[in-house]
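Comments concern the structure below.
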Amino acid sequence: MEIGKSKKKELVKIKSIPYDEFKNNDYLEEMVRELNENGTNVIVGVLDEAINWGRGNSLWPLTFATSCCGIEFMAVGAARYDMARFGLEVARASPRQADFIMVAGTITDKMAPVLKRLYDQMADPKYVIAVGGCTISGGPFKHSYHVVKGIDQILPVDVFIPGCPPRPEAMLYGMMQLQRKVKLQRFFGDVNKKEVSEREYEEMMKRDMTANS
Amino acid sequence: MSVQNKINQQFPTAQIEEKPDRLIISINAESLREFALMLYNEKDFRFDFMRSLTGMDWGEAGFGVVYHLESTDNKHQLELKAIIPDREKPFIDTVSDLWKTALLNEREVYDYFGIVFIGHPDMRRLYLRKEWEGFPLRKDYVRAEGLDMSNEEPDDTTVTWYRDEKGIPQARRYNLFEKEEYVVNIGPQHPATHGVLRFRVSLEGEFLKKLDVYCGYIHRGVEKLCEGMTYQQTIGLTDRLDYLSSLQNRHALCMCVEKAMGLELSERIQYIRTIMDELQRINSHLLFFATFCMDLGALTSFFYGFRDREKVLDILEETTGGRLTMHYNVIGGVEDDIHPNFVKRVKELLAYLPAALEEYRKVFTENVIAKNRLIGVGHLSRENAISFGTTGPTGRGSGWACDVRKRIPYGVYDKVDFKEVIRGECDSYARYLVRMDEIKESMRIIETLIDNIPEGNFREKTKAVIRVPEGSYYTAVEASRGEFGVYLESNGEKLPYRLKFRSTGLPLVACVDTISRGEKIADLIAIGGSLDYVVPDIDR
């Protein structure tokens, strides 16, 4: 039993932050249990761990901000909070190069298809963090005629960060939670979606290009 | 001859009501065009600055449009209400050829109320998608269920209305962009548009021929939300409009309700509010410096700007508890007294900032690349600045003395001695320098006030349910990016009948087309950065 627990801790470790300081550990432990039960090939398992170590420590966010939370996201990237310490600093302007999307700010009805499209354009494996009250439930604008009441209606969300806007520390915490999740996933045969064939890819591109004409 | 006499003489049917700060005139929509021409052209008063344009739904009485006008030379203030009795087919003449700020504002009114402006060159919706059903700010509006997840179809056509020989309004469609034009889309997801703003630009080689602004990707329907809230609830939303002027925005709304109620505030509240507004301005301009330089490729400045901004935020956080949305001003005062450390820490900040500003000067202001990219780029003439209503540092960079703190002093601005920074170069560099100098002026204001905060209440007693006497009220403050106005119409109930926020950003994007024509496409980023708009404030 004791061994099992320390193994879990090892799997979802973030450098220099104690395991018990994180909340929602039971959710990750559940993931570990499932992984252990299903079992995996030794070689694949070791490779998984190595790849996940690399993935988890260099998550690249998409530069995406619609409102107030975006300013705090910038603050997280700037000198005092400095998300580069966790390997998160390479904010990409193109969804093709990003690992996860920080949905920072209210999503309106007009923006929703755009956000969905951005998400679709990202390469697998991809993750979504919902930042702030607006993305979680509509926040203070819940009763508005033009605000999406929670982006989980349109995207699968991995981490929710509540706040209006959340403090930079909260954002860092949320991003570290995502890192822990990434480190626990099976890369081969799970999150690494099978690549599409060249023909399928061509067709998808064509659909994307002609979607608007 | 006074304004009132003149109007009486020429338009005997107009109803005039005199208020201490302005005239309120009600006319029928049919005579609007003639009336507007007189106001604009008459030498004696020449109302050349349109402060705000508001659409109204007066129920049985029909629709209406309310114009707030000011003459920059003679300082007259005027509120013009045009009533459109026909609810089925609301038509009114455009004034967008006189005041260019009406170009986008009239589209906003059309979007909200379905009022069609005859003669407006581009009568599309401004915020909502063109497939949207109904007009949300009408009192009888019911939202259709469901979320439309289909991609937006690009549409290069627009519609304009004119009167035929019989005087009946007719629509005419025409192309915004012709088939052979080379059109590039920028945004809504683009790192240099400062949020989710979208431009479509037509290019001639590398040069900009025409630009079309698409707003609404962060249109949150704040004004409609306010109509269903008590006054104390509405003040929470103002912080989220222009989040870099959150204290000032809230100051405007609180001041508007306080004035309407006739509530007297203690000196202490006025001092605290004024100091907080100025701290907010420093904060905002530091962020401007950081992001503007980053847009132009100077990444070091981004870190410098944010480093120093955090120092301001520390002070604000200690007293208000917030970093961005402070929730500090309330109707009748401020939420809580200033923190015991406040004075000490503000003084530390004032001692620290001059060295930082000197550093900025060395790193960016004197940088030859920055100068080459900014000087002479994005020329906004004084006439255009007034016509578009681009107040704030943008207007002052074009030589227009438009500072609300000087024009209509509020808080304790009439007691402090500060300079209104004005430059006449009209280009992006001037707008940048104005902001940098304004940081110094803000420091001067705080320096004067910080030692003299008088004793007194930090919050006056108000009733739990606030009712504002019937009538219309307009109050403005100088926010970080210009005049932020609040237009409140009350019918004596505990909910506001109509609450309109004069956006500081809408005039700024309205003028982008004019000032970027003929410039290179890369300069569009410099121009947009120097205007320093905040998109949620444009869309509201």
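Where a number appears in this text, it was derived from the coordinates with a stated rule and is not lab data. Every value quoted in this text rests on a predicted model; they were computed, and no experiment measured them. Backbone-built Cβ (ideal geometry, glycine too); neighbour counts: all protein chains shown.
Structure data summary
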read-out: Relative exposure of B:426, A:134, judged by other C-beta atoms within 10 Å (fewest first); value: B:426, A:134
read-out: Antiparallel bridge percentage (DSSP; both residues within the protein assembly as shown; nearest 5); value: 75 percent
read-out: Ordering of B:144-156, B:220-232 by burial proxy (mean other Cβ atoms within 10 Å per residue, highest first); value: B:220-232, B:144-156
read-out: Number of partner chain Cβ atoms within 10 Å, mean per residue of A:76-87; value: 3
read-out: Length-normalised contact order of the stretch A:1-159 in % [C-alpha pairs under 8 Å, at least 6 apart]; value: 17 percent
read-out: Residue order, fewest to most surrounding Cβ atoms within 10 angstrom, among B:99, A:60, B:132; value: A:60, B:132, B:99
read-out: Counting all C-alpha pairs of chain A, share separated by more than 25 Å (%); value: 44 percent
read-out: Residue-count net charge about residue B:440 - beta-carbon cut-off 12 Å; Lys, Arg +1, Asp, Glu -1; value: -1
read-out: Beta bridges per DSSP with both ends in chain A, % antiparallel, nearest 5; value: 15 percent
read-out: Per-residue Cβ neighbour rank within 10 angstrom, fewest leading, B:380, A:59; value: A:59, B:380
read-out: Relative contact order, percent, chain B [alpha-carbon distance under 8 Å, six or more residues apart]; value: 15 percent
read-out: Cα→Cβ-extended label distance, 7 Å offset, between residue B:21 and residue A:204, nm; value: 5.8 nm
read-out: Pairs of Cα atoms farther than 34 Å apart, the protein assembly as shown, %; value: 51 percent
read-out: Shape metrics for the stretch B:1-143, restricted to C-alpha atoms - Rg then Dmax, Å; value: 15.4, 50
read-out: Dipole magnitude of the stretch B:222-532 about its Cα centre (Cβ charges: Lys, Arg +1; Asp, Glu -1), debye to nearest 20; value: 320 debye
read-out: Centre separation in Å (Cα based) which lies between the stretch B:288-310 and the stretch B:182-229; value: 23 Å
read-out: GluC sites (Glu not before Pro) restricted to DSSP loop in the stretch B:55-90 with at most 12 other C-beta within 10 Å; value: B:88
read-out: DSSP bridge orientation in the stretch B:1-143 - percent antiparallel, rounded to nearest 5; value: 70 percent
read-out: Pairwise FRET efficiency - residue A:60 versus residue A:19, Cβ, R0 = 35 Å, nearest 0.05; value: 0.85
read-out: Value of relative contact order over the stretch B:222-532, rounded to a whole percent, pairs C-alpha under 8 Å and six or more apart; value: 27 percent
read-out: Trypsin sites (Lys or Arg not before Pro) within the stretch B:131-163, DSSP loop, no more than 15 other Cβ atoms inside 10 Å; value: B:139, B:143
read-out: The stretch B:465-506: GluC sites (Glu not before Pro) falling in loop per DSSP and having at most 13 other Cβ within 10 Å; value: B:470, B:493
read-out: Inter-chain Cβ neighbour average for residues B:235-242, partner chain, 10 Å; value: 3
read-out: Residue-averaged beta-carbon neighbours from other chains (10 angstrom radius) around A:135-143; value: 3
read-out: Computed E for residue B:314/residue B:337 - FRET, C-beta separation, R0 25 angstrom, nearest 0.05; value: 0.85
read-out: Distance (nanometres) between label positions extended 7 Å along Cα→Cβ at residue B:149 and residue B:470; value: 4.9 nm
read-out: Estimated FRET transfer efficiency when R0 is 60 angstrom, pair residue A:49-residue B:73 (beta carbons, to 0.05); value: 0.20
